[in-house]
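The values are calculated or read from the model by the stated rules, or taken from the named source; none is laboratory data. A quick note: this is a predicted structure, and the numbers were derived from the prediction, not measured. Don't worry about glycine lacking a Cβ; one is built from the backbone with ideal geometry, like all the others, and counts go over all protein chains shown. Heads up: the accessible areas ignore ligands, DNA and RNA and are worked out on the full protein's heavy atoms, side chains in. Shrake-Rupley method; radii C 1.70, N 1.55, O 1.52, S 1.80 Å.
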Amino acid sequence: MDEQEHKKKDREALDNEMITAAFDHLLETYLNSRHRKKVDIITKAFNFARQAHKGVRRLSGEPYILHPIAVAQIACEEMGLGSTSICSALLHDVVEDTDYTVEDIQNIFGDKIAQIVDGLTKISGGIFGDHASAQAENFKKLLLTMSDDIRVILIKICDRLHNMRTLASQAPNKQYKIAGETLYIYAPLANRLGLNKIKTELEDLSFRYEHPEEYADIVNKLSFTQEQRKKLFDDFTNPIREALDKIGIKYHIKARVKSPYSIWCKMQNKHVTFDEIYDILAVRIIFTPQDWANEINECFHIYVILNQIYKSHPDRFRDWVNHPKANGYQALHATMMSRNGQWIEVQIRSERMNEIAEQGFAAHWKYKEGKKRDDDEELNNWLGTIKEILDDPQPDAMDFLDSIKLNLFSSEIFVFTPKGEVKTMPSGCTVLDFAFRIHTDLGSHCIGAKVNHKLVPLSHKLQSGDQVEVLTSKSQRVQPGWVSFVSTAKAKSKIQAILRRDRRELQKRGEGILNNWLEKNGLELSTSILDRLCDLHNAQNQDALLLSLGERAVILGDKDMEELHGKKRDSATSGWRKFVPFLGKAKKEKNGDRLQASRKDLLVVGKEFNKKLPCIISEETIGMYLFPNCCHPIPGDDILGFIDGKNRVEIHKRSCPVASKLKSSFGPRILDAKWNMHKELFFDATIEIHGIDRKAMLYDVADIISNKMNVNIHRVNFTADEGIFGGKIEIRVHDRDEVKLIMENLKKITDLKEVLQIM
């Protein structure tokens, strides 16, 4: 036997050892769970999947079967799911990647497992139109399958989590696409399903691949401040332990450290440094109730004990126990003043509440015991809302994702009906959102409301605790302007659906008016007649003309007949209009030439273009790329490329809101991009400052920027009011490091309180 054969055999032996160890760990986890011990069917699913994926490897080089085992491990260990889900996870790629069919799965493993595997296969496969986004289409399918069996989406989230954990083997452009999609779709979906632990890990992994330097910096700072946090935690919790031990409560106390992604988001949103974030540490008290029927009272009992030790912040108390979040989350949140003068959030939960907080709706099934709980009703309501959106989705894939995300990301308030029923609504919602939440007819005829017995308009934003009585009128019709102030996905989608329906009806009426008029004048409908009427009435297209006719904005008459018969206007000789076609054409050609001249060196992506290689932005190549106005990237920013509709490459910041949509909706067009600049070119950057107004403040600011930093100030805008000033300074810099250095120096100026960088 030659050396190559030996190596092959050794590798196979090593593979088998890894596979067996992974599956044994899965079985051990399952046997230690509360589920019925259906080991035989799990083993059968494993052997079937192992045979089906035999000889196939992942990009990392490991045997492919290790991926389904890892997904099943997450489903079992981190979501607490049972044998049906574990089998479905083991088999989730079999139908898509091998010759086996759903019917084969059904014959061997039964209807339920086959249904879940079929749902998972439908999410992954499929052919979409040229203009449709594969990710958005997949997401629609994924949401549609949820109503059949929630386990489809739970296993899909497990699959995504393992893919994120092994993302290092992918090319950078794939990493940005997958990380962006995860942050835009899967993390908020996990959050909405109550999978807090998984949501946090998905966010952190996405952050790690999109902004590796910032991620490493925050992780390092967290490790440096670990000892300091431990001392703060011990000093704060020791008096609490003594008090709880004295009354015999069974409990354990954990430190919850803010995740790197959450810290970074706060740094970006609040424009603060790591050292200025004070809520990195929170304290979690998890107790075992003496009586499960009395766990809510015991939560408040512990809260009362804490108030005897520390003073609580009156505005930072959250009762999620009596009013659970829509994803099932329950806990009491209070913010207490520690003895060293620092505010610390305390979360009080029972063991049941903690398990639901970690594992979400999956954990509800353990406590349900055959009864239909309010939580299940909340989930069904949420799924029902999404199904309504899916029944009449937005024509554009990215609009669709946005409308779903309105529901996924929103924090919640509680609003009361006139009869005292509690409705959970997203924060920032309006009276009109509430009306559509109750019923579509109520929303479409809404004219206003009485909020806490006071008359308010449709656009009035609701607060938690408001009591709302919706007022309607039969004469009220849905208005296009409503879309601008509603915030819920349901209201937005319903308004747009009604407007589209009304538009179709008006166009149909317009078509009838046009046909009658043509028939009356002995003419037949043709494209040329429609085009000439569009031209005469300045309508953009035929649909716009029909809509104007239906709305009675355009009335057909003798002038139109003269136009169609050519009596009124001779395009070559009559009046000022004869110049319009010529001027329009000349202008178009002139603009076209100028455009071509200015962009002749732009990079155009062809068939030979290698998408795996990064776009290098240097002084020589910068003119080959487009820089849209949405985010103004400058050297030092984490960037990516996007191939636009004309095969040119746009450069965006990876954190740009537009780029977030592009990553989740047009993943295959994402490219890696890197800077290779040498401080030769200047870029615009804007710094915003706020502080106490005093003499020579502007001089001090200008002195730092112009004299000490030797940076060119392009534009300054300052205003002062009642002793407080604010201003924006536009500067010309080489890169992001220069901006940071300027900001650090500005912060040293006396009475300057805030220094912010504008995107």
**OP:** Return the pairs, sorted by first residue and then second, in which the second residue is open to solvent by 50 Å² or more (accessible area, probe 1.4 Å) and part of a loop (DSSP other than H, G, I, E, B), the first residue lies in the range 619-647 and is at pLDDT 90 or above and hydroxyl-bearing (Ser, Thr, Tyr), the beta carbons are less than 9 Å apart, and the residues are 6+ apart or on different chains.
**Re:** Thr621/Asn676
**OP:** Name every residue in the range 626-640 that is open to solvent by less than 10 Å² (accessible area, probe 1.4 Å), in contact with an Asp or Glu (Cβ under 7 Å, 6 or more places away or on another chain) and in a strand (DSSP E or B), in order of residue number.
**Re:** Leu640
Original post:
Being in contact with a Cys (Cβ under 7 Å, 6 or more places away or on another chain), closer than 19 Å to Asp99 by Cβ and open to solvent by less than 10 Å² (accessible area, probe 1.4 Å), is that true of even one residue in the range 42-64?
Top reply: yes
Subject >> Scope the range 463-484; condition open to solvent by 60 Å² or more (accessible area, probe 1.4 Å) and within 13 Å of Gly443 (Cβ to Cβ); matching residues >> reply: Thr472, Arg477, Gln479
Subject >> Output for the range 189-230, where each listed residue is under 17 Å from Pro172 (Cα atoms) and open to solvent by 50 Å² or more (accessible area, probe 1.4 Å) >> reply: Arg208, Pro212, Glu213, Glu214, Tyr215
Subject >> One residue from Pro395, Pro314 being surrounded by fewer than 18 Cβ atoms within 10 Å (Cβ to Cβ) and modelled with pLDDT under 75 >> reply: Pro395
**OP:** Please give the number of the condition Glu680 fails out of (1) modelled with pLDDT of 90 or more; (2) assigned to a loop (DSSP other than H, G, I, E, B).
**Re:** (1)
Original post:
Given the residues Leu564, Leu546, Leu518, which is the only one that is open to solvent by less than 20 Å² (accessible area, probe 1.4 Å), without any contact (Cβ under 8 Å) to a residue 60 or more places away in the chain, farther than 30 Å from Ala435 by Cβ and in a helix (DSSP H, G or I)?
Top reply: Leu518
**OP:** Output the residue which, of all residues in the range 82-139 that are of a type in the set (Phe, Trp, Tyr) and crowded, with 18+ Cβ neighbours inside 10 Å, is modelled with the lowest pLDDT.
**Re:** Phe139
Subject >> Conditions (1) under 22 Å from Gly636 (Cβ atoms); (2) out of contact with any strand residue (DSSP E or B) (no Cβ under 9 Å at 6 or more places or on another chain); (3) open to solvent by less than 80 Å² (accessible area, probe 1.4 Å); (4) not charged (D, E, K, R): number failed by Leu741 >> reply: (3)
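Can you tell me which residue in the range 694-720 is surrounded by the most Cβ atoms within 10 Å (Cβ to Cβ), limited to those that are of a type in the set (D, E, K, R) and in contact (Cβ under 8 Å) with a residue 24 or more places away in the chain?
By that ranking, first place goes to Asp700.
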Original post:
Is it true that Lys37 is part of a helix (DSSP H, G or I), open to solvent by 80 Å² or more (accessible area, probe 1.4 Å) and on the phi < 0 side of the Ramachandran plot?
Top reply: no
Original post:
Within the range 324-339, is there a residue that is assigned to a helix (DSSP H, G or I), modelled with pLDDT under 90 and surrounded by 14 or more Cβ atoms within 10 Å (Cβ to Cβ)?
Top reply: no
**OP:** For Leu383, work out the one condition from (1) farther than 27 Å from Lys258 by Cβ; (2) at pLDDT 85 or above; (3) among the hydrophobic types (A, V, I, L, M, F, W, C) it doesn't fulfil.
**Re:** (2)
**OP:** Could you please find all residues in the range 693-719 being under 38 Å from the mean Cα position of the chain (by Cα) and of a type in the set (A, V, I, L, M, F, W, C)?
**Re:** Ile705, Val711, Ile713, Val716, Phe718
Original post:
With respect to Val716, is the statement that it is under 16 Å from Ile634 (Cβ atoms), touching a helix residue (DSSP H, G or I) at 6+ places or on another chain (Cβ under 9 Å) and at pLDDT below 90 true?
Top reply: no
Original post:
Taking the range 496-509 as the search range and keeping residues that are in contact with a helix residue (DSSP H, G or I) (Cβ under 9 Å, 6 or more places away or on another chain) and open to solvent by 80 Å² or more (accessible area, probe 1.4 Å), which one is nearest to Leu549 (Cα to Cα)?
Top reply: Arg509
Original post:
So which residues in the range 431-460 are closer than 16 Å to Ser487 by Cβ and either touching a residue at least 60 places away in the same chain (Cβ under 8 Å) or surrounded by fewer than 14 Cβ atoms within 10 Å (Cβ to Cβ) (or both)?
Top reply: Pro457
Subject >> Residue match in the range 264-278 (condition: over 36 Å from the mean Cα position of the chain (by Cα) and either part of a helix (DSSP H, G or I) or modelled with pLDDT of 95 or more (or both)) >> reply: no
**OP:** Report whether or not Val152 is more than 17 Å from the chain's Cα centre (by Cα) and modelled with pLDDT of 90 or more.
**Re:** no
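To keep it simple, each residue is scored yes or no on (1) outside any loop (DSSP other than H, G, I, E, B); (2) among the basic types (Lys, Arg); (3) free of Cβ contacts under 8 Å to residues at least 12 places away in the same chain.
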{"residue": "Ala72", "(1), (2), (3)": "yes, no, no"}
{"residue": "Ala75", "(1), (2), (3)": "yes, no, no"}
{"residue": "Ser88", "(1), (2), (3)": "yes, no, no"}
{"residue": "His92", "(1), (2), (3)": "no, no, no"}
{"residue": "Gln106", "(1), (2), (3)": "yes, no, yes"}
{"residue": "Ile116", "(1), (2), (3)": "yes, no, no"}
Original post:
Given Gly448, Gly465, which one is within 24 Å of Ile413 (Cα to Cα) and at pLDDT below 85?
Top reply: Gly465
**OP:** Identify the residue in the range 244-295 that is of a type in the set (D, E, K, R) and closer than 19 Å to Asn220 by Cβ and, among all such residues, is least open to solvent (accessible area, probe 1.4 Å).
**Re:** Lys258
Original post:
Mind checking which pairs have a first residue in the range 1-22 that is open to solvent by 100 Å² or more (accessible area, probe 1.4 Å) and a second that is not aliphatic (A, V, I, L, M), Cβ under 9 Å, 6 or more apart or different chains?
Top reply: Met1/Lys9
Subject >> Hey, Ser493 closer than 25 Å to Pro418 by Cβ and open to solvent by less than 60 Å² (accessible area, probe 1.4 Å) or not >> reply: no
**OP:** Quick one: count up the residues across the range 409-419 that are modelled with pLDDT of 80 or more and more than 11 Å from Gln463 (Cα to Cα).
**Re:** 3
Original post:
(1) modelled with pLDDT under 90; (2) surrounded by fewer than 23 Cβ atoms within 10 Å (Cβ to Cβ); (3) not charged (D, E, K, R): which one isn't true of Tyr186, the others all being true?
Top reply: (2)
Subject >> Residues located in the range 720-730, provided they are assigned to a strand (DSSP E or B), over 36 Å from the mean Cα position of the chain (by Cα) and of a type in the set (Gly, Ala, Ser) >> reply: Ala720
